[in-house]
Amino acid sequence: MDNQRQTIQQQSKRCRLVLFPLPLQGHINPMIQLANILHHKGFNISIIHTKYNLPNLSKYPHFTLHLIPDGLSETEASTTDIPLLLKLLNEKCVKPFLDCLARLLSDDADDPIACIITDAVWYFTQAVADNLKIRRIVLRTSSVGSLLAFAALPLLQDMGYLSWKDSEMDTPVVEFPPMKIKDIPTIKTSNSEGPYQIISNMVEQTKKASGLIFNTFKELEESELDKLQEQFLLPTFAIGPFHKYFSASSSSLWTQDRTSISWLDTQAPRSVIYVSFGSVAEMREEKLIEVAWGLANSAQPFLWVVRPGLVNGSEWLEILPKELLEAISRRGYIVKWAPQQEVLSHPATGCFWTHSGWNSTLESICEGVPMICSPFFGDQMVDSRYVNDIWKVGIKLEKGLERFEIESAIRKLMVGKEGEDMRKNIMCLKEKIDLCLKPCGSSYRSLDNLVDFISSFRPPV
Ligand code: UDX
């Protein structure tokens, strides 16, 4: 590091950053990881968090936590309509967030606040930042490719792509390769404004920010980053994968069942399929049964995370028929929530059947574990297409959750030649990750640029 940069970065030690995670697991994890990275770079960190979905942050005594009321009623807080929840949060948190930030700013003489860093989905925070004359940097917790797809929705709508029939779902979106119509990141909601208003707010308010941080790395999404630069016209920092800077994260909203690791210890190397569909996906009862039969018939050992609530209205496994539970118990181990990063880095794990949430996708690439993809909504549709068609590190289940396709994909990936090729491809990406985080690597340099950028906001005191 040259002297001038070192001096600027030392001055940054006196600056405080205020971070505001979106209170959903897939957004909390990367924001807390980012907070840790920036703290390590010398910034003081304040976290503003809603009371809703507050994770246990006791492992982070170096952060100052400010809780704000979110105004959600009990019914609102328990909704499974995520777009509706996000709309409500963006309306109800305006005043509490504004009050909290104004208080912090009025009190920052000895510890100046350089900027706020908020999740892209907290679109209301741009107006608050403008109002209080503080810069806002956005963290987009998903892939660059999926943000481009979200930004293209109005165009795709104008071209008629959002009203195609079921029989046309495999038609390519020629303007947006490699996407097919079924990959367009749609979201179902009962929100009266429809699903696209939230997405459009997120995109438009992100464009007004001072900078944009991604949990990705240049070698993975180089052409997408170039396209984004043309469309968004703001400094962009691809500094991921965040979770590789420090050991496994502990901002989990649920207790991670560590017996998964002792069970994996008893299994042969690279023999286990790890199955998890993240923190918000939901499926119908008959689909859970298809998943279970697919796994039972695959003749491979598996570790399956069945999150309570995965099937709306069910407690846990009671909906699986007895004979199926018996078939499963011969080879499988089921938990409610797992220490996912440790599971993926365990030598027994050979494949990850995932919903293609961005954290899961990156965590799998980092450990060189090829994937089977069953996207449910939104960015997952795009990420799974990239896994299958561009990076060629996994198989997307094109028919949805159907036992014969599941069995066949597992066989292809675990024992077939295709699986061997995908393993090679993913190991190649894993090596690129190891390099991008080393001094002079792309993420390492981008992080230094981000630190310089933030440090330039406030004159040294
Ligand atoms: C949500 C969206 O669904 C996703 O599409 C978007 O990219 C981010 O927000 P989620 O469904 O929770 O996220 O998926 P994902 O992004 O994969 O994040 C899940 C996180 O929970 C990961 O960091 C994973 O390691 C962790 N996890 C998951 C566990 O710790 N234990 C588990 O059993 C499962």
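Quick notes on this structure:
- Lone qualifier among SER200, SER252, SER247 - being small (Gly, Ala, Ser), within 21 Å of GLN380 (Cβ to Cβ) and not in a helix (DSSP H, G or I): SER252
- Residue count for region 156-189, restricted to those that are farther than 21 Å from HIS355 by Cα and open to solvent by less than 90 Å² (accessible area, probe 1.4 Å): 12
- Residue list for region 267-286, filter: touching a residue at least 40 places away in the same chain (Cβ under 8 Å), more than 16 Å from the ligand (Cβ to nearest atom) and surrounded by fewer than 19 Cβ atoms within 10 Å (Cβ to Cβ): ALA268, PRO269, ARG270, SER271
- Looking at region 338-455, the helices (runs of 4 or more DSSP H) lying wholly inside it that each contain 1 or more residues that are more than 16 Å from the ligand (Cβ to nearest atom) and in contact (Cβ under 8 Å) with a residue 60 or more places away in the chain sit at 403-415, 417-436, 442-455.
- Scanning region 217-236 for residues that are within 16 Å of ILE433 (Cα to Cα), of a type in the set (Asp, Glu) and open to solvent by 20 Å² or more (accessible area, probe 1.4 Å) yields GLU219, GLU222.
- Flag if LYS392 is more than 14 Å from the chain's Cα centre (by Cα), at pLDDT below 95 and open to solvent by 10 Å² or more (accessible area, probe 1.4 Å): no
- Residue match in region 184-197 (condition: free of Cβ contacts under 8 Å to residues at least 24 places away in the same chain and either in contact with a Ser or Thr (Cβ under 6 Å, 6 or more places away or on another chain) or aliphatic (A, V, I, L, M) (or both)): no
Matching residues to (1) under 25 Å from PHE376 (Cα atoms); (2) touching a helix residue (DSSP H, G or I) at 6+ places or on another chain (Cβ under 6 Å); (3) modelled with pLDDT under 95:
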site: PRO308; (1), (2), (3): yes, no, yes
site: ILE328; (1), (2), (3): yes, yes, yes
site: ALA348; (1), (2), (3): no, yes, no
site: THR354; (1), (2), (3): yes, yes, no
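- Residue that is nearest to TRP358 (Cα to Cα) [pool: residues in region 216-260 that are within 12 Å of the ligand (Cβ to nearest atom) and more than 17 Å from the chain's Cα centre (by Cα)]: GLN256
- Residue match in region 91-108 (condition: farther than 28 Å from PHE43 by Cα, modelled with pLDDT of 95 or more and open to solvent by 10 Å² or more (accessible area, probe 1.4 Å)): yes
- In region 28-53, residue nearest to ILE116 (Cα to Cα) [restricted to those that are more than 16 Å from the ligand (Cβ to nearest atom) and open to solvent by 30 Å² or more (accessible area, probe 1.4 Å)]: ASN44
- Picking from residues in region 180-201 that are in contact with an Asp or Glu (Cβ under 9 Å, 6 or more places away or on another chain) and of a type outside the set (S, T, N, Q), the one that is modelled with the lowest pLDDT is LYS188.
- In region 294-333, the qualifying residues are those that are hydroxyl-bearing (Ser, Thr, Tyr) and away from the ligand (no atom under 15 Å from the Cβ), and the one that is most open to solvent (accessible area, probe 1.4 Å) is SER329.
The values are calculated or read from the model by the stated rules, or taken from the named source; none is laboratory data. This one's a predicted model, so the numbers in the text were calculated from it and none came from an experiment. Using ideal geometry, Cβ is built from the backbone for each residue, glycine included, and neighbour counts are taken over all protein chains shown. All accessible areas refer to the heavy atoms of the entire protein, side chains included, with ligands and DNA or RNA removed. Shrake-Rupley method; radii C 1.70, N 1.55, O 1.52, S 1.80 Å.
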